[in-house]
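One structure is given below, represented as structure tokens, and several questions about it will come after.
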Amino acid sequence: MRTTKTLLLSFLLCLGLVCMAPGCSPRNFLTRRLAADLISASDAFKEPQLFWLRTGIVSNKDFSSPDYMVLQRRGWIIASQQKCPAGVDPPPCWDVVLTPIGVDTVRPLISSALPDNGRDNGPMAIEVARRELLGISGISKGGNFADVEFTWRWVPINKVGSALYDSGVRYRSTVGFRGYDDGWRVVDQTAPSNQTLDEALRNAQPATP
């Protein structure tokens with residue numbers, strides 16, 4: 001007569017043989033750890049946050065925006081009131097220029113990978129923050145589809161990012177996953193009942209502590 005210990009060892013051996021079968025891998029089981037790894041490694045999640053700084057003539061709406069107000073308080077930009085050119089409204093308009101300290105702060109951060117970046121007073125792209133995954137809140141599965149809720153935050157990567165983004169603010173997003181023959185993947189194309197990761201990040205809501 002088999003003992004309980006012998007039966008348990010037999011069960012574990014059978015389970016091990018099943019997992020060693022062809023096609024079985026850790027990606028076949030959508031755990032919180034796997035979901036976190038796949039989200040963190042995705043291109044959409046690793047995409048840095050860009051701040052577009054425009055100098056020269058800007059509308060009063062742009063100049064009075066929260067971001068520009070922060071740059072003014074830091075002493076990085078100054079402006080003089082100007083008449084609005086055709087196509088720029090609402091008045092009054094402002095001629096925005098970088099201060100000397102603003103030049104020292106901003107110029108080294110301007111992305112050189114973008115064509116015509118900042119040319120002729122055009123907008124200047126500045127990488128200011130990156131996302132950090134804080135945790136998986138929950139997983140809801142249904143067959144080969146699943147919705148994964150997670151929390152994340154912006155982490156500033158330079159002085160401009162620190163001025164514009166508070167790393168203490170958390171966001172909650174929900175992204176779709178789909179199971180394939182080689183395991184689970186983050187949804188990267190629109191599906192009827194799932195959000196892509198890019199959509200999930202853009203639709204993020206501030207999370208309560």
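Take segment 142-166 and flag every residue that is open to solvent by 60 Å² or more (accessible area, probe 1.4 Å) and small (Gly, Ala, Ser).
Across segment 142-166, the qualifying residues are Gly143, Ser162.
Here is a further query. Of these, Arg74, Arg119, Arg130, which one is over 24 Å from Glu199 (Cα atoms), open to solvent by 70 Å² or more (accessible area, probe 1.4 Å), modelled with pLDDT of 95 or more and of a type in the set (D, E, K, R)?
Arg74
Let me ask something additional. Out of curiosity, is Val169 open to solvent by less than 60 Å² (accessible area, probe 1.4 Å), under 18 Å from Phe45 (Cα atoms) and touching a Pro at 6+ places or on another chain (Cβ under 9 Å)?
Taking the combined requirement at face value, the residue satisfies it.
So, in segment 31-41, of the ones that are surrounded by 19 or more Cβ atoms within 10 Å (Cβ to Cβ) and more than 15 Å from the chain's Cα centre (by Cα), which residue ends up farthest from Thr196 (Cα to Cα)?
Leu34
OK, next. Given the conditions (1) open to solvent by 30 Å² or more (accessible area, probe 1.4 Å); (2) modelled with pLDDT of 95 or more; (3) within 14 Å of the chain's Cα centre (by Cα); (4) farther than 30 Å from Ile77 by Cβ, and given that Thr174 satisfies all but one, which numbered condition is not satisfied?
Condition not satisfied by Thr174: (2).
For residues in segment 77-89 being assigned to a strand (DSSP E or B) and β-branched (Val, Ile, Thr), which is most open to solvent (accessible area, probe 1.4 Å)?
This residue is Ile78.
Another question about this same structure. Could you check how many residues of segment 177-200 are of a type outside the set (Val, Ile, Thr), part of a strand (DSSP E or B) and either modelled with pLDDT under 90 or under 17 Å from the mean Cα position of the chain (by Cα) (or both)?
Counting residues in segment 177-200 that are of a type outside the set (Val, Ile, Thr), part of a strand (DSSP E or B) and either modelled with pLDDT under 90 or under 17 Å from the mean Cα position of the chain (by Cα) (or both) gives 2.
In segment 23-39, what count of residues is obtained for those that are in contact with a helix residue (DSSP H, G or I) (Cβ under 8 Å, 6 or more places away or on another chain) and at pLDDT 95 or above?
Residues that pass the stated criteria total 2.
Of all the residues that make up segment 90-116, how many are surrounded by 12 or more Cβ atoms within 10 Å (Cβ to Cβ), more than 15 Å from Asn158 (Cα to Cα) and modelled with pLDDT under 85?
1
Would you mention how many residues in segment 42-66 are assigned to a helix (DSSP H, G or I) and open to solvent by 60 Å² or more (accessible area, probe 1.4 Å)?
Final tally of qualifying residues: 5.
The values are calculated or read from the model by the stated rules, or taken from the named source; none is laboratory data. This structure is a prediction, so every number in the text was calculated from the model and none was measured. Neighbour counts are summed over all protein chains in view; Cβ atoms, including those assigned to glycine, are modelled from backbone coordinates with ideal geometry. The accessibility values were calculated without ligands, DNA or RNA, using every heavy atom of the protein model including side chains. Shrake-Rupley method; radii C 1.70, N 1.55, O 1.52, S 1.80 Å.
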